[in-house]
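Derivation of every value follows stated rules applied to the coordinates shown; laboratory data play no part. This is a predicted model, so every value here is computed, not measured. Note that each Cβ is placed from the backbone with ideal geometry, even for glycine, and that neighbours are counted across all protein chains shown.
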Amino acid sequence: MRVVIQENYEKMSKWAADYIAAKIRNHKEDRPFVLGLPTGSSPLGVYAELVRQCKAGELSFKNVVTFNMDEYVGLPHEHDQSYWYFMHDNFFDHIDIPAENINILNGMAEDLQAECDAYEKKIASYGGIDLFMGGIGVDGHLAFNEPFTSLNSRTGIRDLTTDTMIVNSRFFGNDPSKVPSRVLSVGIGTVTDSKEVLVLINGHNKARALAKTVMGSVSQMWTCSALQMHNGAIIACDEAACGELTVDAYKYFLDIEKKERL
Ligand code: GLP
């Protein structure tokens, strides 16, 4: 696993955006580049930089197909806290991606399980995901796979923990009871099936989660720890998130990344 430590959030975002942009530009196959995407505050800097590069004519999303990680159940597209709305507002409305290339789980579907099964099939129909960008929650949830979700899980219906509803209530007028308790989410297995996974971890409040992700045991208690079993996993993080790494782990990652650039 690579852990790329950057000085601050801006540099982390720039590094991750450049990494993704290079993958898209270098994709020479006949089929589209398939990109998995997260919501949350962590990826906002990456989205802003990718939009900038697209507007500057340095990058195009015409041959990119996207699959988002998750969505709340019961929020219509036009609800300003739906992930559909978030993605269009922060990213899709500002780049040249064809609308038919965008895939987001529909939390208003009549048959939610059928919606999730069809999502898995659609991912497979493109030959899988080339690069899944993700973020994690303070409890280590990857997508909406809360602690004790199987590390083999596939796209499905999930219940949020009270802790996550409290954390996410900052977007719902600080009222946890307004946060939908059911969500649709890709599984840990869906994410780890991707050729590459790039997870953003920033800020002091994610320090424990970063330590569990890279130094803890692989455990369903910290679903992000499944990334240790992935052959193409990269964590991009900022200094603030490194507070609970051991000194030797911190030094190791800095040392090895210096060599990666040689
Ligand atoms: C939500 C999303 C996750 C995201 C997490 C972290 O729970 N469903 O996919 O990774 O928030 O959010 P933030 O980046 O705002 O800390």
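Structure notes:
- Going by neighbour counts of Cβ atoms within 10 Å, the residues M1, M12 line up, fewest first, as M1, M12.
- Within the chain, the longest run free of exposed loop sites, counting GluC sites (Glu not before Pro) that sit outside DSSP helix and strand states (H, G, I, E, B) and have at most 14 other Cβ atoms within 10 Å, spans 111-262.
- Under the Debye formula (equal points on every Cα, no solvent term), log10 I(q)/I(0) of the stretch 116-262 at q = 0.11, 0.12 Å⁻¹: -0.45, -0.53
- By the count of other C-beta atoms within 10 Å, a proxy for reagent exposure, T161, T39 are ordered fewest to most as T161, T39.
- Sequence-distant lysines (8 or more away, or on other chains) whose Cα lies within less than 22 Å of K122: K23, K28, K62, K195
- The share of alpha-carbon pairs in the stretch 72-147 lying farther apart than 22 Å comes to 32%.
- Per-residue ellipticity at 222 nm, computed for the chain from helices alone with -39500 (n - 2.57) per DSSP H run of at least four residues, works out to -10000 deg cm²/dmol.
- Per-selection metrics, the stretch 151-235 (Cα): Rg and Dmax in Å: 14.2, 40
- Annotation: the chain has a Kirkwood hydrodynamic radius of 18.5 angstrom, from the mean reciprocal C-alpha pair distance.
- Available extension along the chain between E257 and K11 is 87.1 nm, counting 0.36 nm per residue and deducting the alpha carbon span.
- Computed from the C-beta positions of S150 and K55 and an R0 of 41 Å, the FRET efficiency is 0.50 to the nearest 0.05.
- Per residue, the average separation of C-alpha pairs within less than 8 Å and at least 6 apart gives the stretch 2-261 a relative contact order of 24 percent.
- Rounded to 5, percent antiparallel among DSSP beta bridges of the stretch 2-261: 30
- Among N26, N168, N103, the largest mean-square fluctuation in a Gaussian network model of the chain, built with springs joining Cα atoms closer than 10 Å, belongs to N26.
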